[in-house]
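Read the structure below first, then the notes.
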Amino acid sequence: MPSITSHSPSSCADLRIDPCSDRSLAVLQLRARLPRPLVFTHGVFDLLHAGHVHLLEQARACGASLVVGVRGDRSSRHLRKGPGRPFNAAQDRARIVAALAGVSAAVLFDEDKPLALICGLRPDVVVRCDDPLRAEAADCALLAEWGGRTIVVPRLHGATTRALLDRLRPAAAMATMPARAGQRDDGARTVARSAATPFVQAAPA
């Protein structure tokens, strides 16, 4: 993967990019092939939840195609999201994101910031899910070179991976506790009923 300088670049020329790398060539192909306006957003996408869906839906609505940058394992660990994170390997996370409706392509990056990827794609819009006051100045400086812009999408309240894990941990702890005999029988009957009655979501009228 191309390396980038440690300081915040003021232009794409400040980035050290290997134009012959496989990823750079693939990014240039996406840039030439995908319809415009081209939208870019990025994240870890470790355990998919409603917050991720909200970001991707909002981003897709901003243009004709959507490229999603997925943080590699090393880059994700630098965010210090917690012990053992990310739970899913980078290739698996990228494959899941690429399969989602509305996503034109998913591209892995392992830098702390996807600035080289942004320079390669030259998106018309970069969508961030963050506080507007924390919008990356580096993103704005690069986008100004080709007339792109940044759109900040408010976070979906309570829909974060950390909140999801906070809800899962007590349930996981209870699941490991030894069950009483009567509870074990009831649980077995519940599982049998669930297996016999599949969940079906009706399409809207």
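Does Cys62 satisfy being modelled with pLDDT of 70 or more, surrounded by 16 or more Cβ atoms within 10 Å (Cβ to Cβ) and more than 18 Å from the chain's Cα centre (by Cα)?
no
Only residues that are touching a Lys or Arg at 6+ places or on another chain (Cβ under 9 Å), assigned to a helix (DSSP H, G or I) and at pLDDT below 65: list them for the stretch 125-147, please.
Arg134
Conditions: (1) closer than 23 Å to Ser21 by Cβ; (2) modelled with pLDDT under 60. Gln91 meets all but one. Number of the miss?
Gln91 satisfies every listed condition except (2).
The values are calculated or read from the model by the stated rules, or taken from the named source; none is laboratory data. Computed from a prediction, not measured in an experiment: that's the story for all the values here. Cβ sites come from the backbone with ideal geometry, for glycine too, and all protein chains shown count toward neighbours.
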